[in-house]
1. Which members of segment 103-150 meet the condition of being loosely packed, with under 11 Cβ neighbours inside 10 Å and at pLDDT below 80?
2. If a residue must be under 13 Å from residue 199 (Cα atoms) and either in a loop (DSSP other than H, G, I, E, B) or not aromatic (Phe, Trp, Tyr) (or both), how many such residues does segment 108-125 contain?
3. If residue 133 passes every condition in (1) touching a strand residue (DSSP E or B) at 6+ places or on another chain (Cβ under 6 Å); (2) in a loop (DSSP other than H, G, I, E, B) but one, which one does it miss?
4. Is there a residue being under 23 Å from residue 184 (Cα atoms), over 12 Å from the mean Cα position of the chain (by Cα) and either among the hydroxyl-bearing types (Ser, Thr, Tyr) or in the same structural domain as residue 200 (by TED's automatic domain parsing) (or both) anywhere in segment 63-72?
5. Could you tell me which of the residues 60, 67, 54, 76 is touching a Lys or Arg at 6+ places or on another chain (Cβ under 9 Å), farther than 18 Å from residue 224 by Cβ and among the hydroxyl-bearing types (Ser, Thr, Tyr)?
6. When only residues in segment 42-57 that are over 9 Å from the mean Cα position of the chain (by Cα) and touching a residue at least 40 places away in the same chain (Cβ under 8 Å) count, which is nearest to residue 206 (Cα to Cα)?
7. As an exercise: evaluate residue 166 against (1) farther than 30 Å from residue 118 by Cα; (2) modelled with pLDDT of 95 or more; (3) polar (S, T, N, Q) and give the number of the one condition it does not meet.
8. Being of a type outside the set (A, V, I, L, M), in contact with a Phe, Trp or Tyr (Cβ under 9 Å, 6 or more places away or on another chain), modelled with pLDDT of 95 or more and not in a helix (DSSP H, G or I): is that true of residue 196 here?
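The values are calculated or read from the model by the stated rules, or taken from the named source; none is laboratory data. Nothing here was measured: the structure is a model prediction, and the numbers come from that model. When we count neighbours, we look across all protein chains shown, and the Cβ atoms used for this are built from the backbone with ideal geometry, even at glycine.
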Amino acid sequence: MNILHRQLAEINQTNWLVLVDKPLDWTSFDVVNKLRYKLKHRFGKKIKIGHAGTLDPKATGLLLLCTAAYTKQIETLQGLDKTYTGTMTMGASTPSYDTETTPDAFFPIDTLNAEILREQTQLFTGKISQKPPIFSAIKQDGKKLYEYARKNESVELKARELRIHQFELTAINLPQVAFEVSCSKGTYIRSLVHDFGASLHNAAYLESLRRTRIGDFSVASAWQIPELIDFLDNIPVVLPHEGN
């Protein structure tokens with residue numbers, strides 16, 4: 001049974017943790033706004049809602065949405081470890097480290113093989129230092145990094161310490177490499193892929209990404225957006241009487 005079904009045991013209960021499978025090319029805030037609009041029109045009142053961990057538009061997968069009193073749990077949920085699957089393209093780099101921008105540099109890949117690639121992942125397992133992509137929403141000196149990037153302004157990126165629990169290459173068909181990563185909060189998989197390519201005196205950018213797990217929550221239990229909207233359209237809503 002989906003977690004939202006259990007939480008709807010009490011019809012008027014709107015303190016929910018909702019697991020959503022974010023679609024490709026949607027922002028995390030697109031999902032939040034979609035549910036906010038639906039809840040307002042379904043229950044006739046504005047219900048506070050937020051998400052616990054942003055996914056980039058080009059990423060799909062598990063997004064945790066918290067409503068009403070459950071929003072107090074967002075900080076705790078954001079601190080949970082996460083698991084991703086994805087693919088990277090070797091031999092090229094992009095300014096955004098993913099497919100949001102076009103490749104701007106190319107490298108030969110004839111010296112790369114499965115043994116070299118798998119051995120190199122060991123450098124990115126355990127405690128590492130990582131700088132965020134310049135095309136990201138992190139604020140520095142009061143501005144989001146992507147605002148600097150779009151104006152071609154240089155900025156000194158601040159590194160952060162994080163932990164990669166697992167970095168496994170699951171399929172290698174150069175230039176495409178599939179992987180699975182388990183990591184601590186704050187990890188940018190785009191940066192991990194970029195740094196992995198650079199460590200080989202080569203390059204790599206993120207081709208696709210899917211978040212499969214946050215803590216003990218799995219994308220296998222998540223709602224597809226159309227299913228969630230249909231479910232909310234059809235649940236019975238009993239509004240309280242005045243004075244109650």
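1. 139, 141, 142
2. 9
3. Answer for residue 133: the failing condition is (1).
4. The answer is yes; a qualifying residue exists.
5. The match here is 67.
6. Filtering first and then ranking leaves 52.
7. Going through (1) farther than 30 Å from residue 118 by Cα; (2) modelled with pLDDT of 95 or more; (3) polar (S, T, N, Q) one by one, residue 166 breaks only (1).
8. Judged against the criteria, residue 196 is not a match.
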